[in-house]
Structures are given as structure tokens and as C-alpha cells.
Amino acid sequence: MTAQQLPGQPQLAYRGNELFLEDVRLADLAHQYGTPLFVYSKAAMLAALAAYQRGFAGRKAQICYAMKANSSLAVLQLFARAGCGFDIVSGGELERVLAAGGDAAKVIFSGVGKTRAEMRRALQAGIGCFNVESEAELDVLNEVALSLGQRAPVSIRVNPNVDAKTHPYISTGLKGNKFGIAHERTLATYQRAAALSGLKVVGIDCHIGSQITQESPYLDAMDRVLDLVQAIEAAGITLHHIDFGGGLGIDYNGDTPPPADALWRKLLAKLDARGYGERQLMIEPGRSLVGNAGVCLTEVLYLKPGEQKNFCIVDAAMNDLPRPAMYEAYHQIVPLAPRAGQGGTWDVVGPVCESGDWLGRDRALNVQTGDLLAVLSAGAYCMSMASNYNTRGRAAEILVDGTQAHLIRRRESAADTFAQETLL
């Protein structure tokens with residue numbers, strides 16, 4: 001049977017008139033487990049990781065998966081088994097890493113608002129490094145570490161004032177963003193950190209944004225960070241590792257981000273040219289490892305033609321797939337079994353009681369009630385941002401491995417959504 005590969009979608013292809021992920025027919029999963037349903041490809045995740053591993057072959061490098069992209073335990077377990085560390089931004093994420101069998105010593109704790117309790121738990125667990133994001137945080141972490149009789153390993157996240165040329169909500173490296181220490185304050189902040197007895201300076205960190213599709217922001221940021229490394233070490237403070245963050249984009253709709261291995265060949269050449277090629281490197285990819293490995297399956301409930309808009313109402317909603325409502329983000333939407341003919345133009349919307357509950361606008365689809373659709377590139381920032389708004393249970397999740405389909409999260413019932421609540 002001839003397979004028709006979908007552009008930019010590894011492991012996703014039509015075989016005849018049916019859509020498969022790896023060797024599993026997606027319609028079979030929708031019928032067995034219901035919809036909405038998230039389905040992920042193990043092979044696609046490992047192939048995305050392999051591109052980074054090729055890029056770092058022969059180097060001292062640690063890949064730390066930025067788990068906020070998709071924090072399902074089985075996904076974390078998959079990356080832990082593949083040798084990854086983890087970039088976390090909360091105490092809850094640390095507990096997920098540990099529950100999935102991750103190595104605490106390979107954990108980097110980022111985020112602008114770490115609490116004392118989170119710091120204490122992370123120190124007790126023995127994490128690898130705190131990425132500190134403000135001068136005030138240095139003082140609090142110092143106090144917590146001293147109270148435990150420890151020294152907290154720290155790197156300082158630099159805000160290099162580099163435009164990542166991405167959506168303003170996911171740009172993190174400009175002066176107007178809340179993240180990191182201003183470039184011009186970095187040396188003084190390192191000197192302050194080095195003087196605190198509860199801290200041990202181990203590295204420097206930089207992260208400029210998410211869904212970056214161009215090389216130039218990375219190259220610009222690397223130059224600025226390496227300038228700082230030179231100045232900091234000239235002041236007598238040794239930096240054992242350099243962390244260049246993550247943020248590499250994926251193909252949502254004809255986007256053309258550089259392949260991870262090609263990007264890192266250029267970055268490493270710059271690193272070598274400036275004399276830092278032997279340094280321990282850290283990176284924190286998230287979306288680029290999981291985004292195009294996942295789809296969300298949904299059923300057409302009703303077709304509602306109108307004078308100005310035609311609405312295709314499906315059973316997935318903004319609580320399942322928040323990105324369109326939050327960022328006006330684009331996800332391709334395709335039928336699991338395409339119908340012959342042209343069809344019409346539809347806004348694909350969900351059942352949630354908000355006008356912002358849409359998954360795709362002005363889509364050319366030939367659909368009927370009861371048809372199954374796949375929302376593509378749904379492996380990142382979908383289930384991890386899902387909510388129970390309108391008391392909607394979160395979807396089930398499936399991990400596909402060749403011909404096998406593993407249920408990695410059962411669908412939430414209504415009772416699950418209020419299990420922690422009590423009546424008066």
C-alpha cells in the first residue's frame with residue numbers, strides 16, 4: 001500500500017484513505033479510547049532527539065528536556081532512558097521527573113518565581129543546578145542552602161536583549177521580558193553570587209524564546225554570552241558549563257526552522273573559533289523534541305453554516321488545545337479518512353462557552369457529522385497546558401511504538417475533576 005507522508009510530520013502518513021501514526025491506524029484508537037484523544041509517536045520523539053545527539057557527537061554536552069512542553073510521565077521516562085536530563089520550572093515538575101525515574105543530578109531548575117519550599121526540596125533531592133533569574137533570588141537561595149548546611153550550585157540566566165523574532169508571548173530574551181538578569185548587570189551579579197557562602201557558581205545560562213525558526217538570534221545570543229564568559233572569568237570566577245537554552249521551532253504551517261544538527265554545527269564552529277569548544281555545554285530543547293510527534297484526534301459533532309461563517313463544531317476545545325486561543329497559533333487540521341470532493345470553508349471550534357474557543361479558522365474541509373479529524377503538531381504545549389474549564393475532563397493519551405499503542409493517561413471522569421473538593 002502506497003503511503004502519503006504529511007509534510008513536516010514524521011511518522012504520520014495516509015495509507016490508502018486512512019491516516020496512520022507509525023503503524024497504527026488512528027481511527028482505531030479513536031474508536032477504542034474515544035475523543036478528544038492525544039496520540040504520540042515514540043519514533044518521532046527519539047528521531048528529534050537523535051538530531052541533537054548527532055550535533056553534539058564528540059562534545060561534552062548534556063541535553064536537558066524542557067519538560068513544560070509535555071510533562072506526561074511516560075514521555076519523561078522515554079527521555080530519561082535515552083540519557084536526557086530535565087529542565088524544570090516548578091517543584092511539581094521535579095516530582096514528575098523523580099516519579100518517571102529521572103536523575104536529579106541532571107536536573108536544571110529554571111523559572112523566575114522559585115519558592116523557598118521548592119528550593120529546599122530541590123537541594124535535598126540533589127539537583128544539578130539552579131538557573132537564577134534575579135538578584136533577589138540569589139539571596140533567598142543562599143539562605144535556604146545555608147539552613148540545610150549545603151552550597152547551592154548556580155548559574156545565572158542572562159537576558160542578552162536579543163530579539164528571537166517569535167511571538168511576543170514566547171519571547172524571553174528582550175529587556176522588556178521578565179526573565180533573566182540584564183546583560184549589563186551580569187558581571188556584578190556574578191561577583192555578588194561568588195561572595196555568598198551558600199552558593200557555588202558553576203555556569204552561565206541564556207534562553208531567548210520559543211518557536212524560533214531562524215539561526216541569527218542564536219548566533220547573536222552566543223556572541224553576547226561568550227563576551228560575558230570572558231569578562232566573568234577575567235574577574236576570577238570560573239564557569240564550568242555554558243547553557244544555551246532551547247527554543248528551536250517546529251513546522252506548524254510551512255515553517256522552516258533549521259535542523260537541530262545543522263544549527264549546532266554552526267554554533268559549535270563559533271564556539272570553537274572563540275576558544276570555548278572544550279567547555280561543558282548544556283541545552284534545554286522542549287517543543288522541538290515532542291511538538292511534531294503528537295496529534296489530537298477529535299470528532300465532528302455538528303456542522304453549523306451561517307451567513308458570515310461556517311462552523312464545524314468538534315469535541316476538542318480550548319481546554320484541550322489552548323495554543324490557538326492564547327497565541328492565535330496555527331495547527332493543521334486534517335481528516336482521518338478524506339472524502340472525495342471539495343467541501344467548504346469552516347471555522348473549527350469547540351464546545352467551550354467562549355468565543356475564543358477555536359482550533360482553526362477558514363479551513364478547507366469536506367466533512368460530515370461523525371467524521372474524525374486530527375489536529376497536528378499537538379505534542380507540545382497542549383496536554384501540558386490543558387485545563388478542566390467547563391468541568392471537562394482532560395483527554396486520554398496514547399504512546400505509539402510501531403504497531404503497539406500504550407495508554408499512558410486515562411481519560412478523566414467528571415468525578416476526577418472535583419475529587420479534591422468538599423461540600424460545606
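Readers should treat all values here as calculations from the given coordinates under stated rules, not as data from a laboratory. Note that the structure is a prediction, hence the values are computed from the model and not measured. Neighbour counts are summed over all protein chains in view; Cβ atoms, including those assigned to glycine, are modelled from backbone coordinates with ideal geometry.
Converting phi to 3J(HN,Hα) with the Karplus coefficients 6.51, -1.76 and 1.60 and the offset θ = phi - 60°, the range 261-276 yields 5, 5, 4, 6, 4, 5, 5, 5, 4, 5, 4, 4, 4, 9, x, 10 Hz in sequence order, with x at every glycine or proline. Shown here for the range 386-424: trypsin sites (Lys or Arg not before Pro) in loop regions (DSSP other than H, G, I, E, B) with at most 16 other Cβ atoms within 10 Å, namely 410, 411.
What pairs in 106/266; 68/304; 68/200; 60/200; 42/200 have C-alpha atoms more than 28 Å from each other? Result: 68/304; 42/200 exceed 28 Å.
Between the helical axis of 116-125 and the longest alpha-carbon principal axis of the chain there is an angle of about 80 degrees. Among 290, 367, the ranking by other beta carbons within 10 Å of each residue's beta carbon, starting with the fewest, stands as 367, 290. Counting only DSSP beta bridges with both residues in the range 110-285, the antiparallel share comes to about 5 percent. Count Lys and Arg as plus one, Asp and Glu as minus one, and take only other residues whose Cβ is under 12 Å from that of residue 41; the net charge is then -2. Using the Cβ of residue 7 as centre and a radius below 12 Å, the other residues enclosed give a net charge of -2, where K and R count +1 and D and E count -1.
Per residue of the chain, the DSSP helices (runs of n ≥ 4 H) give a summed -39500 (n - 2.57) that works out to -8000 deg cm²/dmol at 222 nm.
The distance linking the range 377-411 with the range 50-101 is 19 Å (Cα centroid to Cα centroid, whole angstrom). Between 115, 55, 399, the Cα set farthest toward the positive side of the dipole of the chain (charges on each charged residue's Cβ, about the Cα centre) is that of 55. For the chain, the longest principal axis of the Cα atoms and the long axis of helix 42-55 meet at an angle of about 30 degrees.
Express in whole angstrom the spacing between the alpha-carbon centres of the range 200-256 and the range 124-149. One Cα centre to the other: 22 Å.
Simple point charges give the picture: +1 on the Cβ of Lys and Arg, -1 on the Cβ of Asp and Glu, and for the chain a dipole about the Cα centre of about 660 debye.
Counting pairs of alpha carbon atoms under 8 Å apart in space and at least six apart in sequence, what relative contact order in percent does the chain give?
The normalised contact order for the chain reaches 19 percent.
Can you tell me the relative contact order of the range 239-339? Whole percent, Cα pairs under 8 Å, sequence separation 6 or more.
28
When +1 charges are put on Lys and Arg Cβ atoms and -1 charges on Asp and Glu Cβ atoms, the dipole computed for the range 110-285 relative to its Cα centre reaches about 420 debye. Can you tell which of 46, 76, 289 shows the greatest fluctuation in a Gaussian network model of the chain with Cα springs below 10 Å? Top of the fluctuation ranking is 46. If you line up the long axis of helix 216-234 against the longest principal axis of the chain, both from Cα atoms, how many degrees apart are they, to the nearest 10? Compared with the principal axis, the helix lies near 20 degrees.
Proximity of backbone amide H atoms, modeled 1.01 Å from N, is registered between residue 129 and 107, 109 at under 5 Å, excluding neighbours fewer than 5 places apart on the same chain.
Summarising the amide proton neighbourhood of residue 311: residues at separation of 5 or more, or on other chains, whose placed amide H is nearer than 5 Å comprise 304, 306, 347. Under a Gaussian network description of the chain, with springs only between Cα atoms under 10 Å, the residue in 97, 334, 158 that fluctuates furthest is 334. Each Lys or Arg adds one and each Asp or Glu takes one away; over the other residues whose Cβ falls under 14 Å from the Cβ of residue 293, this sums to -2. Can you tell me which of 406, 183, 207 moves the most in a GNM of the chain? Springs connect C-alpha atoms under 10 Å apart. Of 406, 183, 207, the Gaussian network model singles out 406 as fluctuating most. For the range 110-285, the residue among 202, 231, 247 whose Cα projects farthest onto the positive side of the dipole built from Cβ charges is 202. Under 5 Å between amide hydrogens, built in the peptide plane, is the criterion, and for residue 378 it picks out 294, 295, 296 among residues at least 5 positions away or on other chains.
Beta bridges assigned by DSSP with both partners in the chain are antiparallel in approximately 50 percent of cases.
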